[in-house]
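The values are calculated or read from the model by the stated rules, or taken from the named source; none is laboratory data. Here the structure is a predicted model, which is why all the values come from computation and not from measurement. Note that we place each Cβ from the backbone using ideal geometry, even for glycine, and neighbour counts take in every protein chain shown.
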Amino acid sequence: MLDKVCVKRRYITSVIGVACYFVSGMALASQQAAFAMPDKYSAKVTKSVLTSGGNAVDAAVAAGFVLAVTYPEAGNIGGGGFMTLFNASAENTRDRALFLDYREKAPKAAFKTLYLDKNRDVIPYRSLVGYQASGVPGTVKGLWMAHQRFGSMPWSDLLQPAIQYAEQGFLVSESLDRTAKWYQKWIAGKSKTPLNFLDYFSDLQKGTLFKQPELARTLQRIAKEGGEEFYQGETARLLVKEMQRYDGLITLKDLQAYQAVWRKPVVGYWQGRQIISAPPPSSGGVAIIQLLKMKALLQPKLDRALQEGKKEGLSEQVIKTHFYAELEKRVYADRAFYLGDPDFVDVPVKELISNSYLSKRTQTVLLDAISESEKIKYGKIETPETTHFSIMDSQGNAVSNTYTLNMPFGSGVVVRGAGFLMNNEMDDFSTKPGVANIFGVVGGKANEIVPEKRMLSSMSPTIILKDGKVEMVVGTPGGSTIITSVFQTVVNVIEEGMTAQEAVDATRVHHQLLPKDQISYNPELSDDTKTALQLMGYQLKKNSYMGDVQVVVQQRGGISAASDKRGRGVSEVFKVQIKDALN
Ligand code: GLY
């Protein structure tokens, strides 16, 4: 039903509800739909669209714009992202899984040593804060292209809820207030040019109504004139004017040339299922499939270690945490070496997820000691703020969407007159080989800065199919921890048999090769687990933020949906009335 013709026109009448005008005499049946959204406003709008006959893409478009208003730390029109889709009605099964890349691009004026000083040292924070930190935004083009291909409700109607929240305001949550205060402190003194973040966001106070009139006008223009307005119209003009105020690199030519791209998703076969996930320029899909397949290859060895551990009084958590760290070391070494924008570098995706390559990679995994980080190279032949939502409509279509400004509130630069924040995605390039970015991950040639190239990402919107139908829609924010959070959530549901809520709330652990032998965790590990891991030689670090997983899953004969307790998300499974065959 990602089908433009079968839906009768319906009208969104307000933020709070969508009125449906059914054709008289139409017989109705009901089917389940579900979502897991990062806040209550996007949840409300998603439900309105789906119950009014809109499909998963309609709901994603409406929610994507609402989050740009109500979740300003990550929801955006000044950033970019990825959308993994399942189109249940495509005739050819090969065409059912789709991927839309609307990641930001380096401006044409960017160059390899942009963030290095004359001694070739990295200039602190230049790729993170201020005018030079932004890539050319892709979000509006991405939502526009998804809608052009699959939308069934009018574009303009789908933007109305966002416009209303921007005009009339929304109630600020405690976590938004906290993040904004943290960000204000964090950016202080880090930019050589003035930032106007506080001119726009100092009123973000818990429990108060927050209005964004300039953003409302921008969204009105985009609603009226279509997605191209952002790249060619008044919004483009305002964006370029803002860049020219100081040392920004983005020009009108950059905006006019920007294209989102339909790519083939990366597909891995695991446990009788198809894992459909984000291909390069994301490292996420490759990494998640590598982790799942290596785990499967080593399962007998892991089972033996668990039995031995039981005899010695070692908890499962200790053994699994160490085991995951061993797998993750190898995956992040591959990420650093091989992964980059496929329009600029050849990424050997097929080889990296092949059984033969991964069998070799698993040969050196140690179950009883830490493999030396220095010896883990790429195999032969790589507070993070982003936001994710998962939607399944009543016809079995699904959208898994992750989009971002990179850090919370991006670069700290707001486009004056247009009211939206710019991303600081340029930091996801490798600014200097071997020098870690804000997430502590390193990169090399494959991810060096080139004009119009897309920076490497870890965003991993994922859909899992079983017997050709959607079994799971999953994703999360969390920078480099996205990969390990999605991996553990999939394992929690499919192998450990947890409910959706248990799976997203469970403690997660993360290791990414560097810092050496460091495992981060959230929320807690038991004291015994910590002691045992420390005795093995690990450094443990509590990560105050480790994702906000949103999952919809078919399990136990029904659909479940769950939003991570770490965030402010809302999930729901509900019935939608649909036309019966007579109509
Ligand atoms: N900016 C975080 C990511 O794309 O992985």
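What the table below lists for this structure:
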{"quantity": "Test: residue in segment 352-375 that is aromatic (F, W, Y) and not in a helix (DSSP H, G or I)", "calculated": "no"}
{"quantity": "Inter-residue pairs, beta-carbon under 6 Å, first of a type in the set (D, E) and in segment 336-352, second at pLDDT 95 or above and surrounded by 15 or more Cβ atoms within 10 Å (Cβ to Cβ), 6+ apart", "calculated": "D341/P281; D341/K453; D341/R454; E351/Y357"}
{"quantity": "Strands (runs of 3 or more DSSP E) enclosed by segment 256-309 - at least 2 residues per element that are β-branched (V, I, T) and farther than 21 Å from F337 by Cα", "calculated": "273-277"}
{"quantity": "Condition broken by S30, with the remaining ones in (1) crowded, with 24+ Cβ neighbours inside 10 Å; (2) in contact with a Lys or Arg (Cβ under 9 Å, 6 or more places away or on another chain) satisfied", "calculated": "(1)"}
{"quantity": "Residues satisfying the stated conditions in segment 382-407, i.e. outside any strand (DSSP E or B), touching a helix residue (DSSP H, G or I) at 6+ places or on another chain (Cβ under 6 Å) and modelled with pLDDT of 95 or more", "calculated": "D393, N397, N406"}
{"quantity": "Members of segment 505-555 that are of a type in the set (K, R), closer than 22 Å to R178 by Cβ and surrounded by 17 or more Cβ atoms within 10 Å (Cβ to Cβ)", "calculated": "R508"}
{"quantity": "Residues located in segment 257-296, provided they are away from the ligand (no atom under 16 Å from the Cβ), over 25 Å from Y231 (Cβ atoms) and among the hydroxyl-bearing types (S, T, Y)", "calculated": "Y269"}
{"quantity": "Every pair of residues 6+ apart whose Cβ atoms lie under 7 Å, when the first sits in segment 240-263 and is under 24 Å from H147 (Cβ atoms) while the second is at pLDDT 95 or above and among the acidic types (D, E)", "calculated": "A260/D101; V261/D101; R263/D101"}
{"quantity": "Check on E502, in a loop (DSSP other than H, G, I, E, B) and either closer than 28 Å to I187 by Cα or away from the ligand (no atom under 16 Å from the Cβ) (or both)", "calculated": "no"}
{"quantity": "Selection count, segment 532-566, where residues are small (G, A, S) and in a strand (DSSP E or B)", "calculated": "5"}
{"quantity": "Unmet requirement for R149, which otherwise passes all of (1) surrounded by fewer than 22 Cβ atoms within 10 Å (Cβ to Cβ); (2) part of a loop (DSSP other than H, G, I, E, B)", "calculated": "(2)"}
{"quantity": "Failed condition for V347, given (1) among the hydrophobic types (A, V, I, L, M, F, W, C); (2) outside any loop (DSSP other than H, G, I, E, B); (3) at pLDDT 95 or above", "calculated": "(2)"}
{"quantity": "Selection from segment 438-482 of residues that are over 22 Å from D346 (Cα atoms), within 9 Å of the ligand (Cβ to nearest atom) and over 12 Å from the mean Cα position of the chain (by Cα)", "calculated": "I438, F439"}
{"quantity": "Segment 100-111 - residue that is assigned to a loop (DSSP other than H, G, I, E, B), buried (at least 16 other Cβ atoms within 10 Å of the Cβ) and not acidic (D, E) and, of those, nearest to the ligand (Cβ to nearest atom)", "calculated": "R103"}
{"quantity": "Residue selected from segment 409-437 under the condition within 11 Å of the ligand (Cβ to nearest atom) and more than 26 Å from V331 (Cα to Cα), by the criterion surrounded by the fewest Cβ atoms within 10 Å (Cβ to Cβ)", "calculated": "N423"}
{"quantity": "Test: V486 is in a helix (DSSP H, G or I), crowded, with 24+ Cβ neighbours inside 10 Å, within 16 Å of the ligand (Cβ to nearest atom) and within 19 Å of the chain's Cα centre (by Cα)", "calculated": "yes"}
